[in-house]
Amino acid sequence: MKGQKGITLVALVITIIILLILAGISIASLNGSGLFDKAKKASNDYKNSEKVENNTLQEYENEINKYFNDYVAD
């Protein structure tokens, strides 16, 4: 077993712990800057604008169908 080259379990665990600490710091800094709140607001704004657009398109379609039905009835 001696003389084998490779990574030890202790080195692997230490590396994972360091990566977890860095990830925690990154998430905390993103949360502190309000990035997640801005993303939620942007998502809500998009959904609201999508609803408005769909309503407008439905109104246009209803208006076109009304004129088309009047034309066909004549």
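The values are calculated or read from the model by the stated rules, or taken from the named source; none is laboratory data. These numbers come from a predicted model, not from an experiment. Ligands, DNA and RNA are stripped out before the accessible areas are found, and what is left, the full protein with its side chains, is counted by its heavy atoms. Shrake-Rupley method; radii C 1.70, N 1.55, O 1.52, S 1.80 Å.
The residues on offer are GLU61, GLU50, and the sole one that is among the charged types (D, E, K, R) and open to solvent by less than 90 Å² (accessible area, probe 1.4 Å) is GLU50.
Does ALA28 qualify as being under 19 Å from the mean Cα position of the chain (by Cα), open to solvent by less than 80 Å² (accessible area, probe 1.4 Å) and modelled with pLDDT of 90 or more? It is false that ALA28 is under 19 Å from the mean Cα position of the chain (by Cα), open to solvent by less than 80 Å² (accessible area, probe 1.4 Å) and modelled with pLDDT of 90 or more.
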